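Note sheet for the following structure.
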Amino acid sequence: MAFDSDRLVPSTLYACATVLIYDWLCTLDREISCVWPRPWSPGTVLFMLNRYLPFIDVSLGLSAKTTRISPEQCLTRFKIVGWLSIIGVYISEAILMMRTYALWENRRGVLVFLAILAVCTAIATALFTELELASLRYVQTPGIGCELGAASTVIIYAYLALMVSETTIVVMTAIRAYHDLRRTRQPWLVKLYRTGILFYIYLLAISLANMLLPIFGPPALTNWLSTPQRVLHSVLCTRVLLLIRGQHMRRASPSRSNLTELIFAAEGVARSEAETVDY
């Protein structure tokens, strides 16, 4: 496993850092024009956390793999990375659930259902993440970096919970897309649904890979794809948010104060003119 621990995992972390920086450079102009001029709100805070927390996660992971530290320090750093990652995923999932709620025209039944789904997903992922982190054992290496000696496979249930949540959201989005796109084919709306559904497909694929790795892969690769999943959540969710916000600014439609204003909304999508609401 020397190749895996000494080259593959650090290379993956470097690739994740590269993706984060590249995406930030590609979309910074849109962030400056669409987000910065607006007054700070809970939605702005969530956007910033979703966008910038991964830089901390990836930096900590890279430092653990590229410096000489003890097994105890390795464990401490990766516990921090684990919890920061799960918090970041919660933020992304919350944003996407509120987007789904908005697409369903703020129906109370949808809100209750998504709230129950969010609570169940959060409890399940937090429980299994804690069990997984408690099982990690790092061994001393003659060189730099951390080498994982042992880890349980209980983390697969956390990824299973995320898969259930993401599948539910993509099914609800697909149903709404079928309903709305029969009535209007506005290019931005088509792009919104296409981007959102592709986003979920990517996340489902990497969640499935994260479930299979602990079962069929070596211990050193148990959490190999956790950081890529975290980065994908952040990058893709940010792009969807900027798409919605940019469309809202182009339409210059008046915002209203309601729950979906915390993130963004698409009220009246079922009507001939879809209106996005300021987050």
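Values in this text are rule-based calculations from the coordinates and carry no lab data. Quick caveat, the model's predicted, so the values are computed rather than measured. Heads up, the Cβs are rebuilt from the backbone with ideal geometry, glycines too, and the neighbour counts pull from every protein chain shown.
Per-residue counts of other Cβ atoms within 10 Å, averaged by peptide: what ranking do you get for 215-221, 205-211, 37-43, highest first?
Numbers: 215-221: 14.9, 205-211: 18.1, 37-43: 12.1.
Per-residue Cβ counts within 10 Å, averaged per peptide and sorted highest first, yield 205-211, 215-221, 37-43.
Which order do the peptides 76-89, 170-183 take when ranked by the mean count of other beta-carbon atoms within 10 Å per residue, highest first? It would help to have the intermediate numbers written out before the result.
Working: 76-89: 19.5, 170-183: 15.4.
Ranked from most to least packed, the peptides come out as 76-89, 170-183.
Quick one: order Leu114, Leu241, Leu25 by neighbouring beta-carbon count within 10 Å, fewest to most. If you can, show how the numbers build up before the last one.
Values: Leu114 22, Leu241 26, Leu25 9.
Lowest to highest Cβ neighbour count: Leu25, Leu114, Leu241.
Hey, can you rank 65-71, 97-103 by average C-beta count inside 10 Å, highest first? Spell out each step's value before the answer.
Details: 65-71: 15.3, 97-103: 23.6.
Those peptides, ordered most packed to least, come out 97-103, 65-71.
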Task: Residue (of Ile206, Pro142, Thr129) at the positive-pole extreme of the chain, dipole from beta-carbon charges - done: Ile206
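FRET efficiency for Lys191 and Thr167, Cβ-Cβ distance as r, R0 = 25 Å, nearest 0.05?
Working: r = 22 Å, r/R0 = 0.89.
The formula returns an efficiency of 0.65 here.
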Open item on the list: Of Ile156, Leu117, Leu189, which is farthest towards the positive pole of the chain's charge dipole, taken about the Cα centre with +1 and -1 on the beta-carbons of Lys, Arg and Asp, Glu respectively?
Closed with: Leu189
